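Beneath this line is the structure, given in structure tokens, with notes to follow.
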Amino acid sequence: MNGDLFVLVDLLTYAGRVLPGLLLIGACFALARGGGDPLLRIMVLVFGFVLIRDAMTPLGFWRFGAAGMVPWLRFTDHAGILLVFGVSTVALTALVLRLDRGLRALVRWGRFGIAAIGLGIGGGVLAAAPVLLLSRFTPLPERGGAVALGLLPVLLFFCLAGNLAEEVLFRGFLQGRLEEHDSPQRAALLSAVLFSACHVFLASTVTGVGWPLLVFTLFEGLICAFLRLRHGVIAAALAHGTAIFLLAGGLA
């Protein structure tokens with residue numbers, strides 16, 4: 001019972017921190033909906049996502065570090081918090097897609113099938129592989145510690161749900177909009193670089209991880225962007241979710 005109370009207090013504290021910013025960002029989004037070009041609305045959503053993500057750090061909902069030049073990541077061990085964030089993220093993504101037809105039209109989902117699943121999981125393994133391999137030279141306690149086996153299913157759901165939202169934003173909305181005015185390859189490259197750039201404050205101000213986090217997010221962003229280019233957002237989201245799960249699950 002005490003554990004549930006602490007979870008509720010943490011979630012309410014988090015909501016209190018992000019609510020003022022979300023109200024402003026929501027007002028900006030509403031005002032921008034009158035324009036024909038969706039790019040401004042997309043950037044407003046990017047600001048909102050960065051706020052929601054980075055505000056997780058002070059309350060310990062996730063932890064970052066670097067073992068030498070190798071970044072590591074761990075999420076909270078409270079399954080309830082992960083479930084709330086996962087469900088809320090899916091709900092917010094669905095709401096934006098439902099309310100904004102212009103943004104919805106930009107998303108190229110691709111086919112959900114064996115090929116998309118295989119390529120998505122393979123892309124996630126590829127994105128995480130350098131960190132996984134280099135981390136073997138550092139003892140587990142120095143890179144975040146072990147993760148309880150019972151937490152892994154909830155963690156997997158959270159990683160897939162949260163990173164589906166991120167891929168809809170960066171590879172669905174943003175990359176789709178960029179493709180309307182540039183070549184598909186250049187749009188993919190730009191979406192990957194912008195994705196990494198949106199981790200600058202997380203890497204250098206919110207945490208002290210620094211450039212190893214930016215290198216990883218750039219590599220991961222390139223994989224997801226070119227998966228989206230060839231196979232759609234579904235494959236990219238599976239790759240992103242798989243990579244984060246591998247890093248956060250005690251395997252790196």
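The values are calculated or read from the model by the stated rules, or taken from the named source; none is laboratory data. Since the structure is predicted, the reported quantities are computational estimates derived from the model, not experimental observations. Don't worry about glycine lacking a Cβ; one is built from the backbone with ideal geometry, like all the others, and counts go over all protein chains shown. Side chains are part of the model used for accessible areas, which takes the heavy atoms of the whole protein and leaves out ligands, DNA and RNA. Shrake-Rupley method; radii C 1.70, N 1.55, O 1.52, S 1.80 Å.
Full extension of the chain segment joining Arg230 with Val200 gains 8.0 nm, where the gain is 0.36 nm per residue of separation less the Cα-Cα distance. Remark: the chain carries 49 Å² of accessible area per residue (probe radius 1.4 Å; ligands, DNA and RNA excluded). A Förster radius of 51 Å, combined with the Cβ-Cβ distance separating Val7 from Asp37, puts the computed FRET efficiency at roughly 0.80.
Estimated at 0.36 nm per residue, the fully extended path between Arg104 and Ser183 surpasses their Cα-Cα distance by 26.4 nm.
Applying 1/(1 + (r/R0)^6) with R0 = 30 Å to the Cβ-Cβ distance of Leu149 and Ala115, what FRET efficiency is obtained, to the nearest 0.05? Once the sixth-power term is evaluated, E becomes 0.50.
Close amide-amide hydrogen proximity is noted between Arg108 and Val233, each under 5 Å apart and 5 or more residues distant or on a separate chain (H modeled in the peptide plane; Pro and chain starts excluded).
From the Cα gyration tensor of the chain, with a ≥ b ≥ c the square roots of its eigenvalues, which class applies: rounded if a/c is under 1.5, or else prolate if a/b is larger than b/c, or else oblate? Oblate. One Cα centroid belongs to region 189-210, the other to region 90-160; the line between them spans 18 Å. The H on the amide N of Trp72, modeled in the peptide plane, is under 5 Å from the matching H of Gly65, Ala66, Ala67, each at least 5 residues off or on a different chain.
Carbon-plus-sulfur accessible fraction, the chain (probe radius 1.4 Å, protein heavy atoms only): 72%.
A simple packing score, the average count of other Cβ atoms within 10 Å per residue, orders the peptides 119-131, 48-60, 160-172, 215-227 as 160-172, 215-227, 119-131, 48-60, with the highest score first.
For region 20-25, the Karplus equation 6.51 cos²θ - 1.76 cosθ + 1.60, evaluated at θ = phi - 60°, returns couplings of x, x, 5, 5, 5, 5 Hz by residue, with Gly and Pro reported as x. Within the shell of other residues whose beta carbon sits under 13 angstrom from the beta carbon of Ser135, the net charge comes to +2, with Lys and Arg scored +1 and Asp and Glu -1. For region 143-151, backbone phi angles converted through the Karplus equation (6.51, -1.76, 1.60; θ = phi - 60°) give residue-by-residue couplings of 10, x, x, 6, 10, 4, 4, x, 7 Hz, Gly and Pro being listed as x. Between Val206, Leu149, Leu174, the Cα set farthest toward the positive side of the dipole of the chain (charges on each charged residue's Cβ, about the Cα centre) is that of Leu174. Of the chymotrypsin sites (Phe, Trp or Tyr not before Pro) found in region 83-162, those in coil by DSSP whose Cβ has at most 13 other Cβ atoms within 10 Å are Phe112, Phe137.
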